[in-house]
Structure formats: C-alpha cells, structure tokens
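Asker: Pasting a structure below so you can have a look.
The values are calculated or read from the model by the stated rules, or taken from the named source; none is laboratory data. All of these numbers come straight from a predicted model, not from anything done at the bench. Please note: Cβ atoms are built from the backbone with ideal geometry, for glycine as well, and neighbour counts cover all protein chains shown.
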Amino acid sequence: MPEIYMDNAATTKTDLRVLEEMRRYEEYDYGNASSEHRMGIRARQALEKARAVIADSINAKPEEIIFTSGGTESNNLALKGAAFAVRKNGKNHIITTKIEHPSVLRTCEWLEQEGFKVTYLGVDREGFVDPQELERSITKKTALFSVIHGNNEIGTIQDLEELGAVCRKKGILFHTDACQSYTKTGLDVEKQNLDLVTLNAHKIYGPKGVGALYVRKGAPLTPWQHGGSHERGLRAGTENIPCIMGFAKAVELAESEPKRIERVSGLRDRLISGILEKIPDTELNGPRGERRLCNNVNIYFKGVEGEALACLLDGEGICVSTGSACSSLKLEPSHVLLALGMGEVKANGSLRITLGKYNTEEEADLAVEKLVPLVKRMRDISPLYG
Ligand SMILES: *Cc1c(COP(=O)(O)O)cnc(C)c1O
C-alpha cells in the first residue's frame, strides 16, 4: 500500500541535501567549536556561517541568534528567561493566548506556580488576537507578550506587525513562536518589532532536535542552562554542529525554492474544496487565503469522531492527525478549537491535514477519494448524525 504523509505540522521528511550537509560534519569536520586547533576553528567557522544564514532570514544580526535543541527549548528559554530577568524590576505579569503550543502553555502554568501572573487572551472565530484587547490587558507590571505566529492546528497567521506596534507603544517585550510559519510567511524582527523569536528545523525539512532563539541585542534574558560560555552564555552545551548545519541548509533551500509556498497553498485549497464539495455537513476551521498557513487544512465533519477518522485513514496508508502531536495521545478536545468558540462535540469532530513540499495533486485527490466512503460509513453507524 502506498503511504501518504500529510502530517507536516508534526514534522517533515528531512531533505536529502540537508542530510548530505549534515554528514560532512559528522564524518570530516567533526571538531568541537570550542577547541583551539584547526578542527575546532573549522567547526567554529561553520557555526558562524549557519548563524548568519538564520539571522539573515529574519532580518536579525548573527550575534542575536542562539542555537538550542528545538522549539520547546527555545520557548522555555524565552519565557522563563525573560520572566526571571525582569522580575528584579518588579514586573511579574505575562500575556499570552489560549491557542499556544503546549511548550508555551505549560511553561506559563509553571511560571504561575512560581508567582508570576499570566493572562491568556481569547481569540475570535478564526483564531485572531485583538490588538486592542492586548493593549487593554497591559499593565505597569507586564513584562512580555508571547503569541504563536502561525497556529499549528488551524493555520491562523497573526498580524505580528500590528501586535508588535502595541508592544512597542507600551514598552513590553514581544515574543513569537514561529515554528510553523518560518519560511512560509514573512518574519522580520525590525518591521514586526520582535524581541524574541522561536524557530526550529524539523518543520522545514531539517533535522529534529535543533532550533534557535532570536534574542534582540540588549533584551533582558536570564540563562536557564548553566555550564560553558557557549552561545553568549545564554545556552551552555557543545553546539550540535551537524544539526545546526542541516538547519541552515534547510533555510537556504526554502529561500531558493520560493514557489514552494504557492504550490503548497494550491494543494491546500484543492483539498479544502474537494472535501467541502464532495462531503456534506463539513466546515473549514480557521481562516481562508493569505491569512492561513499555506499547508494547513482543518475540517469539522458533522457526526464523526476526528480521532477515529484519523485512525481509519491510517489504515488506508494516509497519515494525518487531529491536532497537536503532543496532545493527540489523550482524548481531550483541542484547546485551540475550544478557544474558537466550538463546543466539545464539534472540536472532537475535526481533522487536521497538513501538507508539504513532497505532496502531489494526486495525493490530495486520493485523500478526498478515501475520505468520502469513510465519513459515510462512520455517519451510518453514528447516533450523532441524521
Ligand atoms: C513543533 C512546534 C514546537 C516544538 O518544537 P520542537 O522542536 O518539536 O521542540 C513549538 N511550537 C510550535 C508552534 C510547533 O509547531
């Protein structure tokens, strides 16, 4: 049976050119970037080249990029680091939203236990944060606002420029988790007034276990991991050069293939209209068009259990999921869909399909073709439908 991978928001296939680049740094240039000899110098030069590539891609300076083990670590460092750094100035308030990734939500809950106050902003029916509501929730004690740029479940892309302007006006730090949006939609730390940006590699055809945190020069940040003086003292530990080089290669490849975005949004729209036209009682969750991630499809199927539908699709060789990979092992309705105002039944009746550059039109059509009889079969035996 052919396998079709349509869960690219969970992770992506590593591009073979990325693997080739990584292999060089495992096999030949495997020195420690802190060593003084020639191998160390070569490793250091490679590291600084990668740093410049990542910095350039978001209009930052190389010294403002800190390499980490991925999105989760970057989010932890950004939030805990900033919260503890500003506490000495008497600030103890953080603002985020109800539709964040668990690595932000669980970190904020931990900070609450440590005595910080956290406001979780709601969103509208398409998942957008209201900048005026953000402005109203900022107090003299507010340190930071953290928002997910492109949502991993419903694809909503926040207007960072607008939200960043509010943060600048009120003098608070601005953090975004850009793991899903990176290389898919514009990120510019100057234009968007960003102080902290979370990035990772494995959502963009790079290796798992590597990411970065952009830290604006002068932004207060308390290090969280102690040891050597790597990464400007903000993240101790020998740099993972092979993965970092693979990360930079993945970014360069994305920049050299700008048509990727257009092609993937074409597949997205083909899949959305195919499902909505061929299957009755279905609705798209999240926004349409430019304000939606090019690879995200999230659809409510009336009278169907999303988790069961994903399981049946898996039986047909099609890999999709219902939401964030981190929460899909427990059968709770998605916190993101609930935040859009959907009830539990509707939230549980939704399916997420996320496309990537390796998907084809034939695969999109096949997914619709397989969905039609599966949804019908589930509805025929469902007490919720009819
Ligand atoms: C995947 C993801 C993360 C976690 O990144 P890891 O590198 O897997 O730790 C954080 N935020 C978002 C939005 C993600 O999609």
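Asker: Among the candidates 311, 243, 319, 294, which residue alone is free of Cβ contacts under 8 Å to residues at least 12 places away in the same chain and either surrounded by fewer than 17 Cβ atoms within 10 Å (Cβ to Cβ) or of a type outside the set (Phe, Trp, Tyr) (or both)?
Answerer: It is 311.
Asker: Considering only residues that are within 16 Å of the ligand (Cβ to nearest atom), outside any loop (DSSP other than H, G, I, E, B), modelled with pLDDT of 95 or more and not aliphatic (A, V, I, L, M), which ones fall in segment 320-361?
Answerer: Within segment 320-361, 335, 352, 354 meet the criteria.
Asker: So residue 286 ticks every box in (1) closer than 23 Å to residue 125 by Cβ; (2) not in a loop (DSSP other than H, G, I, E, B) but one. Which box is left unticked?
Answerer: The failed condition is (2).
Asker: Can you tell me which residue among 72, 96 is under 29 Å from residue 208 (Cβ atoms), more than 12 Å from the ligand (Cβ to nearest atom) and either at pLDDT below 95 or touching a Ser or Thr at 6+ places or on another chain (Cβ under 7 Å) (or both)? Lay out the reasoning, then the answer.
Answerer: Working: 72 fails: more than 12 Å from the ligand (Cβ to nearest atom).
Answer to the check: 96.
Asker: Looking at 71, 31, 40, 90, which one is more than 30 Å from residue 365 (Cβ to Cβ), among the small types (Gly, Ala, Ser) and touching a Leu at 6+ places or on another chain (Cβ under 8 Å)?
Answerer: On inspection, the qualifying residue turns out to be 71.
Asker: Please state which of the following conditions residue 253 fails to meet, knowing it meets all the rest: (1) away from the ligand (no atom under 13 Å from the Cβ); (2) buried (at least 24 other Cβ atoms within 10 Å of the Cβ).
Answerer: Status for residue 253: all satisfied but (2).
Asker: Same structure, new question: Would you confirm whether or not segment 112-121 contains a residue that is farther than 22 Å from residue 92 by Cβ and either assigned to a helix (DSSP H, G or I) or among the hydroxyl-bearing types (Ser, Thr, Tyr) (or both)?
Answerer: no
Asker: Just one of 168, 216, 136 is surrounded by fewer than 23 Cβ atoms within 10 Å (Cβ to Cβ), within 22 Å of residue 91 (Cβ to Cβ) and touching a residue at least 60 places away in the same chain (Cβ under 8 Å); which is it?
Answerer: 216
Asker: Given the criterion at pLDDT 95 or above and within 25 Å of residue 72 (Cβ to Cβ), identify the matching residue among 246, 274, 315.
Answerer: None of the other options fit; the residue is 246.
Asker: Of all residues in segment 155-179, which are under 17 Å from residue 120 (Cβ atoms), within 16 Å of the ligand (Cβ to nearest atom) and assigned to a loop (DSSP other than H, G, I, E, B)?
Answerer: 158, the sole residue that qualifies.
Asker: Of 105, 79, 111, 144, which residue is hydrophobic (A, V, I, L, M, F, W, C), more than 16 Å from the ligand (Cβ to nearest atom) and either without any contact (Cβ under 8 Å) to a residue 60 or more places away in the chain or under 28 Å from residue 352 (Cβ atoms) (or both)?
Answerer: 111
Asker: Checking residue 132 against (1) in contact with a Gly (Cβ under 9 Å, 6 or more places away or on another chain); (2) not in a loop (DSSP other than H, G, I, E, B): exactly one of these is not met. Which one?
Answerer: Of everything listed in (1) in contact with a Gly (Cβ under 9 Å, 6 or more places away or on another chain); (2) not in a loop (DSSP other than H, G, I, E, B), residue 132 misses just condition (1).
Asker: Have a look at 177, 159, 188 and point out the one that is of a type in the set (Asp, Glu) and surrounded by 24 or more Cβ atoms within 10 Å (Cβ to Cβ). Reasoning before the result, please.
Answerer: Details: 159 fails: surrounded by 24 or more Cβ atoms within 10 Å (Cβ to Cβ); 188 fails: surrounded by 24 or more Cβ atoms within 10 Å (Cβ to Cβ).
One residue alone meets the criteria, 177.
Asker: Answer with yes or no whether residue 198 is within 12 Å of the ligand (Cβ to nearest atom), in contact with an Asp or Glu (Cβ under 7 Å, 6 or more places away or on another chain), modelled with pLDDT of 95 or more and not in a loop (DSSP other than H, G, I, E, B).
Answerer: Numbers: within 12 Å of the ligand (Cβ to nearest atom): yes; in contact with an Asp or Glu (Cβ under 7 Å, 6 or more places away or on another chain): yes; modelled with pLDDT of 95 or more: yes; not in a loop (DSSP other than H, G, I, E, B): yes.
It is true that residue 198 is within 12 Å of the ligand (Cβ to nearest atom), in contact with an Asp or Glu (Cβ under 7 Å, 6 or more places away or on another chain), modelled with pLDDT of 95 or more and not in a loop (DSSP other than H, G, I, E, B).
Asker: Checking the conditions here, which among 236, 219 is of a type in the set (A, V, I, L, M), out of contact with any Ser or Thr (no Cβ under 9 Å at 6 or more places or on another chain) and not in a helix (DSSP H, G or I)?
Answerer: On inspection, the qualifying residue turns out to be 219.
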